[in-house]
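The values are calculated or read from the model by the stated rules, or taken from the named source; none is laboratory data. Quick caveat, the model's predicted, so the values are computed rather than measured. Glycine gets a Cβ as well: all are built from the backbone with ideal geometry, and neighbour counts include every protein chain shown. These accessible areas exclude ligands, DNA and RNA; they are computed on the full protein's heavy atoms, side chains included. Shrake-Rupley method; radii C 1.70, N 1.55, O 1.52, S 1.80 Å.
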Amino acid sequence: MPEAAAPEPRPVPDLPARGTLLGFDFGLARLGVAVGELETGQASPLLTISDEASAPRFAAIGKLIAEWRPAGLVVGIPCHLDGTPHEMTARCRRFANQLRGRYGLPVMESDERLSSAAAEAALEEAGQRSWRERKPVLDAVAAQIILQHFLDTFHHAKA
């Protein structure tokens, strides 16, 4: 029996012309975080949270939210290349819902297909050939790619 297509992401709320967004690449072992600006449409890798337990992760996210005061949050939602749900799709959506409930901020979902592969390629191209060099920043760069995709799509839709 074929799998159903991935559900459509929630509509993007009205966002201000200026403001910061935090982007997340959710993983079971690590959580990549990026920061981006609505005005410039540019995203940058920020950090990787390496705690696997929820409490330390959300404590770290709470500190980032207090520091950056974002207008919204963006979570990468994985699916297979054909659009069907990935085994991590439900977990990522649950994480997005937890962010919504805990912080009361708009949380947008962004397609993250191939973001980790693109992050690997970008780091290799930047000269980080060894896995040990790439591993600490890989998830943050993947979060940057997810957030940049969202910003590009958001700015295109506004134009």
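Mind checking which residues of the stretch 20-60 are within 15 Å of A96 (Cα to Cα), assigned to a strand (DSSP E or B) and open to solvent by 30 Å² or more (accessible area, probe 1.4 Å)?
Listed by number, the list holds a single entry, F26.
Any idea which of (1) modelled with pLDDT of 90 or more; (2) in a helix (DSSP H, G or I); (3) surrounded by fewer than 20 Cβ atoms within 10 Å (Cβ to Cβ) is the one L105 doesn't satisfy?
(2)
Could you look through the stretch 121-139, keep only residues that are surrounded by 17 or more Cβ atoms within 10 Å (Cβ to Cβ) and not aliphatic (A, V, I, L, M), and pick out the one that is modelled with the highest pLDDT?
In the first step, residues of the stretch 121-139 are kept if they are surrounded by 17 or more Cβ atoms within 10 Å (Cβ to Cβ); the result is 122-123, 128, 134, 137-139.
Narrowing the set further to residues that are not aliphatic (A, V, I, L, M) leaves 128, 134, 139.
Numbers: Q128: 58, R134: 53, D139: 86.
Checked the stretch 121-139; the qualifying residue modelled with the highest pLDDT is D139.
Among the numbered criteria (1) at pLDDT below 95; (2) of a type outside the set (D, E, K, R); (3) within 25 Å of L15 (Cβ to Cβ), which one does M88 miss?
(3)
Which pairs turn up if I take residues in the stretch 14-26 that are free of Cβ contacts under 8 Å to residues at least 40 places away in the same chain and look for partners that are of a type in the set (V, I, T) with beta carbon separation below 7 Å, at least 6 apart in sequence or on another chain?
none
Condition check: crowded, with 18+ Cβ neighbours inside 10 Å and either of a type in the set (A, V, I, L, M) or at pLDDT 95 or above (or both). Does V12 satisfy that?
Details: crowded, with 18+ Cβ neighbours inside 10 Å: no; either of a type in the set (A, V, I, L, M) or at pLDDT 95 or above (or both): yes.
It is false that V12 is crowded, with 18+ Cβ neighbours inside 10 Å and either of a type in the set (A, V, I, L, M) or at pLDDT 95 or above (or both).
Out of the residues in the stretch 61-73 that are over 15 Å from the mean Cα position of the chain (by Cα) and in a helix (DSSP H, G or I), state the one that is nearest to L147 (Cα to Cα).
Ranking the candidates gives W68 first.
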